[in-house]
Amino acid sequence: MLARVTAILFNTYREAVRARILHGLFALALATAGYALVVGAYASRARMRVVSDLGAASISLYAVVVAVVLGATSLYRELELKTIFPVLARPLSRTEYLVGKLLGTVLTLIVFVLANSGALLLALAILAGRPPLHVGAVVLLVAGVAVAVGLRLPRLRTSLPLFCALALAGAGFVLADGAPDDRRVIAGSAVLTVCEVIIVVSIATLFSAFSSPFLTAVFTLSLFVVGRSADALAKLPVRVFGQGLHDLGLVLSMGVPNLMVYVPPRPLLTGEAAGSDLGSYLALSAGQAVLWCVFLLVVASLVFKKRDFL
C-alpha cells in the first residue's frame, strides 16, 4: 500500500511543479516580497517588522490560492485526460489513489512555502546586517549544485525544487540571526501556513471527488472565508444580529475548521505574549490540521468510491 501511495504522491508532485500557473504564482509571491522590502524602506524604525509581517501574510495568501487551484484541478485533469483509468485498472484502490493525490499536492505546497520563506529570510538577513555578498554566495551555491545535479541526473530534476527550497529556507534561517523576533515570525508563520493549506487542500479534495473545478474552487474558498471568520461568527452580538443569526453563526463556527488558529497575533510568534509557548501552539495547530485532514479524506474517499466515471 505504501509503495502505491508513494508512487501516486511523486507523480502528482512532478505534474504540479511543472504547472505554469504555479510558476506564475511563485513569481508573484516573490514580487510581493520585493514590494514588502520597498514598503519597509519607508519605515526606518520598523522596516524589518514591516517586511516580516507583510511577507508572511503574502506567503499565506498565495499558498492558499495555490492550494485551491491545485486541489480543484488535479483530480479533474486526470479525469479529463482519462489517465485515471489505466491507473485504477492496476491493483490500486480509489482510497489509495486519493491519498496519494492529496499528499502530492501537500508536498508541492510545502516546497512553495519553503522557497518563499527562504527568499524572505535571506532578504531579512541583509536588512539585519549580513553582507549581501554572503547571501548572494549562498544563493549561487544552491543554484550551482541544483544545475550540476540536473545536468548529470535528469531523473532528479523534478526533485530539485524540494532541495533548493529546503536549502534556501535553512540558510535564510541561519543567516537572519540578527533579527531573531522577525525570524521567528516568518518561520512560525510558514509552519502555520503549511498546516492551514493542508486543511484547504483536504476541503478541495472532498469537493473535487464529486464536483467540477469551478464549483470546487467556489466551495473551497467559501469554507475558507467562513473558517477565517469562525471566531467572529461565534461571537455575533444578539442585540445587533438577533438570536437566529447568532445561533447560525455559532453552528457555522463549530462545523468548519477554525482557520484563525493559523494567523495568530505577532506577540505569540515572537514569544512576547504572557504565558505563550510557540512550540506547544504549533504542535496543537498541526494536530488540528491532521485531524481535519483525516476526517475530510475519509469522507472524500467514501464519495469517490461511489463515483461513476462513465
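We did not get these values from a lab; they are worked out from the coordinates using the rules stated. Computed from a predicted structure; not experimentally measured. All Cβ positions, glycine included, derive from the backbone under ideal geometry; neighbour counts span all protein chains shown.
With the charge dipole of region 2-305 set up from +1 on Lys and Arg Cβ and -1 on Asp and Glu Cβ about the Cα centre, the Cα lying farthest toward the positive end among the listed residues ALA125, ALA169, PRO264 is that of ALA169. A straight line joining the Cα centroids of region 223-257 and region 106-183 runs 41 Å.
Please report, ordered by residue number, every helix of the chain (full DSSP H runs) that is 27 Å or longer along its axis going by C-alpha atoms and whose mean Kyte-Doolittle hydropathy reaches 0.5. Span-like helices in the chain: 20-41, 47-80, 94-127, 132-152, 180-208, 278-305. Taken over the chain, lysine pairs spaced eight or more positions apart, or on distinct chains, with alpha carbons under 26 Å apart number 5.
Among the trypsin sites (Lys or Arg not before Pro) in region 1-95, those placed in a DSSP loop whose Cβ has at most 16 other Cβ atoms within 10 Å are ARG18, ARG45, LYS82.
Kindly provide the helix-only [θ] at 222 nm of the chain, computed as the sum of -39,500 (n - 2.57) over DSSP H runs of four or more divided by all residues, to the nearest 500 deg cm²/dmol? Dividing the helical sum by the residues of the chain leaves -27500 deg cm²/dmol.
Summary of packing: across the peptides 215-227, 290-302, the per-residue average of other C-beta atoms within 10 Å ranks them, highest first, as 215-227, 290-302. Dipole magnitude for the chain: computed about the Cα centre from +1 point charges on Lys and Arg Cβ and -1 point charges on Asp and Glu Cβ, it is near 740 debye.
Once fully extended, how much extra length lies between VAL263 and PHE163, figured as 0.36 nm per residue of separation less the alpha-carbon to alpha-carbon distance? Gain on stretching VAL263 to PHE163: 33.3 nm.
Mean separation of Cα pairs under 8 Å and 6 or more residues apart, divided by the residue count, gives the chain a relative contact order of 22 percent.
When the Gaussian network model of the chain links Cα atoms closer than 10 Å, the mean-square fluctuations of LEU236, LEU122, LEU282 top out at LEU236.
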